[in-house]
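Any read-out appearing in this document is the output of simple, stated calculations on the displayed coordinates, not a laboratory observation. Since the model is a prediction, treat every value here as computed from it, not as a measurement. Heads up, the Cβs are rebuilt from the backbone with ideal geometry, glycines too, and the neighbour counts pull from every protein chain shown.
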Amino acid sequence: MKKVNSILVALFMSVLFNPVFSQNYGLKDGYFTTTIKSGVGQEVVVKFAISNENVELIKTHQSFKTWDSITFNNPKNADFVALHKSRTHLETYLYSTIGMASIWAKLDLKNMQSFTPILNSEGFIYCKDDKINFSFPFQAQNGYGNMIFMKAYYSVKFENGNNVETHFVN
């Protein structure tokens with residue numbers, strides 16, 4: 001279990017300090033748009049529908065508040081903060097969390113290199129049952145080597161003073 005936790009921390013830190021994704025992201029007109037790297041490193045533009053109500057729910061969600069405090073009040077994160085200074089804290093949170101969601105989607109596959117986000121596809125960001133939920137479509141190889149359409153799911157819940165993430169692909 002300690003090894004798994006160490007791997008998770010290393011993955012999270014790699015997202016924070018060595019950007020895996022382009023910094024071309026933003027929230028506009030009910031959509032959060034960003035790029036996600038495929039399993040072979042190609043950047044693909046993906047949009048996430050998000051309502052104004054969900055934007056406000058995320059801003060008040062303890063997971064976001066904790067992330068915001070840790071990220072922007074720690075001098076060790078100065079390079080990350082400087083890199084993302086032209087974006088709002090909420091946009092940077094969504095960007096970082098979607099980055100983790102895509103990493104977990106790749107890790108949940110038998111062939112991580114087959115992970116292919118669908119260009120200009122539409123995912124969703126919404127809050128339900130005290131969780132911030134992310135989902136987006138992609139293509140990947142199934143057990144027979146055929147490319148099929150799938151969906152990645154990632155959620156964040158604040159529980160007992162910690163973020164609890166769940167993820168799966170379907």
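Working from Cα positions, state the angle (0 to 90°, nearest 10) between the long axis of helix 2-17 and the longest principal axis of the chain.
In the chain, helix 2-17 runs at an angle near 70 degrees to the longest axis.
Going by alpha carbons, how many degrees (0 to 90, nearest 10) lie between the helix axis of 62-73 and the longest principal axis of the chain?
70
If you place +1 on the Cβ of every Lys and Arg, -1 on the Cβ of every Asp and Glu, and leave all else neutral, what size is the dipole of the chain about its Cα centre, to the nearest 20 Debye?
With Lys and Arg at +1 and Asp and Glu at -1, about 380 debye.
Show me 102-108, 25-31 ranked by packing, highest mean number of other Cβ atoms within 10 Å first.
Listed from highest to lowest mean packing, they are 102-108, 25-31.
Quick one: of the DSSP bridges fully inside the chain, what percent are antiparallel, nearest 5?
The antiparallel proportion sits near 90 percent.
Could you calculate the contour length gain from VAL55 to ASN160, that is, 0.36 nm times the residue separation minus the distance between their Cα atoms, to one decimal place in nm?
35.5 nm
Just to confirm the number: angle between the C-alpha axis of helix 89-107 and the first principal axis of the chain, 0 to 90 degrees, nearest 10?
30
Among GLY145, ASN170, VAL156, whose Cα projects farthest towards the positive end of the dipole of the chain, with charges put on the beta-carbon of Lys, Arg (+1) and Asp, Glu (-1)?
Checked the options; the winner is GLY145.
Does the stretch 36-136 classify as rounded, prolate or oblate by the C-alpha gyration tensor (a ≥ b ≥ c root eigenvalues; a/c under 1.5 gives rounded; else a/b over b/c gives prolate, otherwise oblate)?
Values: a/c = 1.89, a/b = 1.31, b/c = 1.43.
Oblate, because a/c is 1.5 or more while a/b does not exceed b/c.
For the chain, what is the mean residue ellipticity at 222 nm derived from helices alone (per DSSP H run of n ≥ 4: -39500 (n - 2.57); sum divided by total residues; nearest 500 deg cm²/dmol)?
One gets -11500 deg cm²/dmol as the mean residue ellipticity at 222 nm.
Under a cut-off of 23 Å between alpha-carbon atoms, report the lysines in cross-link reach of LYS106, not counting same-chain residues fewer than 8 places apart.
Within reach: LYS2, LYS3, LYS37, LYS47, LYS131, LYS151, LYS157.
Report which label in (1) 24, 18, 17; (2) 55, 28, 15; (3) 43, 22, 13 holds the value of semi-axes √(5λ) of the Cα gyration tensor in Å derived from the coordinates of this structure.
(1)
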